[in-house]
Each structure stands twice: as C-alpha cells, then as structure tokens.
Amino acid sequence: MLPGSFHDRWDALYANPRAVTASFGVAFLACEAENISPVKMTTQSLRALKGQRPIVCVTAYDTPTAHCADLAGVDLILVGDSVGNNVLGFANTVSVTLDMIVHHAAAVSRAKPEALLVADLPFGDAHLKPGDVVKSCRRLIQEGGVEAVKIEGGAPLAPIIAHLVLAGIPVMGHIGLQPQQVNVMGGYRKFGARGNEAATLRADVAALENAGVFAIVVELTDPRLTAELTQLSRVPIIGIGSGPDCDGQILVAHDILGISVRAPSFAKAYANVDETMRTAFATYAGEVRNRTFPAVPNKPAASPPQ
Ligand code: KIV
C-alpha cells in the first residue's frame, strides 16, 4: 500500500506540486519493499513483466477512481467500453461510441497515472478503412491522453493491428469472449471448449503476437486452455474469468468495489461501496429533513448578509 490517503495526495497535487514529488519519493521506497514499480509503466516495461510477477490491471472511467487505483500501485488502467454498462446505463458495450470513450479517457488521463493507460477501440471502429482506424486511435491518444488501445478480435484483425503498430500506436489484443460480438452470439458464453475454438484461439495468439501487440486479454476462456496460451505466448496474457494461470488479471473497477449493477460470477468484490453510498445518502437525507444539517453556527454572523 502506498503512503498517504487519496485526499492527502489530491490536496497536495493542487496545492504544492513539489510536495507530491516528495511524497512519491516515500512511495518509491514503499513500492520497492512491495516489489511494485513506482515509475511510469510503458508498453515495454509491462511486457517485460511476463514471467517476473503477476500483472495487475483494472478499469477506470473517471479521475478519482483512476487516481485511487494508481496510488494502490496497479500496473495498467483500462478505459474500457464497459463504461457503457457500468456508468452510462446501457445494456452492453455496443452502444458506446468513440466520443464517449474519448470523454472518459480524458478524465482518467487527468489523474496522470504511473500505470500504463489504455482505452478500448469501441464497437465497429476496428473494421473501418485503415486510415479511419488510425484516425480513431489518434483521437484516443491525442484527445483522450491514453498510451495504447485495446482491440477486440483475433487473427482476422492482425493486418490492421500491424498497420497501427507501424503507425506508432501500441495495441493490446482481446480474444476469447468479445463482448462487442454480443448481438452475433445472442448473449455471453464461455470460450475454448466448443468445436475448433481451442485451435482458433492458439492461432489468434500467434497472429496477434506477429502483428506486434504488447499484451493480450483473454476473456471467459477455459482455464486449462488459457494456461496453455500463457505458456505459448511471448507477450503477457491478461485473464478475466479465465482462471489463475495467466500473466496477470483484469477486473472492472465497479465489480472490485461492489458497486456494479450485475457483477459476473468470476468477479470478486473487495468492498461494499454500494452500501456505503446508500448509507451516506440516507444519512444526509435524514439530517436535512430533521434540520441537523447544516449545523447551526456557534456564533451569529456579525451582520446579516446584504
Ligand atoms: O471493457 C472492459 O472493461 C474490458 C475488460 C477486459 C475488463 O474490456
């Protein structure tokens, strides 16, 4: 755990940038003790963690959440298109547009995380003409402030991914369950056990690696197959609902915090923020109604306001 509460750091950030630098010096020692990298994570340093230690990834969609996750020492923050179902009230990720991701990515990047900052390329954009895909990624990087993009899709997307990498756009792959395919699949399901899915996933990993991705998310995939993909792959395999034998894990922040509308069964809530928020709102409402908030000042003002 890094020293200093979120509020301490937040206040210091705006009041005294040098104090922030000093507190990061203390953080550096704490990080060393816990084997957490205190320096800016890059696609290269993240990739180098394969085989060294598990890689910690979370989503964030706003500045304070990103700030907290970063102070906790996560390695990668994803501005996921899961913003659609977790924040914007959509049923799935298909309704999320490039403008929406850019808006949330810009908020997250204002937290200036040490963690590597990645944003999802939203539904449909990876299938535009190559020049237009580059344009979408440029918006995520230049307006959203992220350092890399994540693209759902396997071997068929390898050519466009190679094109992006050549243009200087780092890409994270995403295979197994691809939530942007929900309307084609008619729902969400586990991958890896049906027909030739295992062979397809092995081929996906090889094609994405050759295209130049720096890491690959493997979602809701048979754990034994995911373990095999992790062994096969030269880049980190980041699992979600795919068992423990990966190079790292990613979870949606709202699931970790216990604030999601519908958490998947593989997720784990490490807090009950939903209950904390409901209690805070109810307590505030009660105090307004019984006139205990705002508190009556001890001394009357010298003269009434004009
Ligand atoms: O959008 C998202 O949150 C994701 C996951 C991998 C967590 O893509």
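Listed values, structure above:
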item	result
Cβ-based exposure ranking for Met41, Met277, Met100, in which fewest neighbours within 10 Å come first	Met277, Met100, Met41
Packing-based exposure ordering (other Cβ within 10 Å, fewest first) of Lys135, Lys190	Lys135, Lys190
Chain lengthening between Thr97 and Thr200 when straightened (0.36 nm per residue, less Cα-Cα)	34.2 nm
Net length gained if the chain between Lys40 and Lys129 were fully extended (0.36 nm per residue, minus Cα distance)	28.7 nm
Beta bridge orientation in segment 49-256: antiparallel %, DSSP, nearest 5	5 percent
The chain, relative contact order [Cα under 8 Å, separation at least 6], %	14 percent
Helical mean residue ellipticity (222 nm; -39500 (n - 2.57) per DSSP H run of 4+; nearest 500) of the chain	-12500 deg cm²/dmol
Rough spin-label spacing in nm, given labels placed 7 Å along Cα→Cβ, for Ser303 and Phe266	6.9 nm
Share of pairwise Cα separations in the chain, more than 30 Å, in percent	37 percent
Difference of contour (0.36 nm per residue) and Cα-Cα distance, Tyr188 to Ala72	38.7 nm
Per-pair calculated FRET efficiency, R0 = 51 Å: Ala282 and Gln231 via Cβ, rounded to 0.05	0.50
Between 0 and 90°, nearest 10: helix 197-211 axis offset from the chain longest Cα axis	80 degrees
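Each value in this text was obtained by applying a stated rule to the coordinates, not by laboratory testing. Fair warning: this is a prediction, and the values are worked out from it, not measured in the lab. Note: ideal-geometry Cβ built from the backbone for every residue, glycine included; neighbour counts use all protein chains shown.
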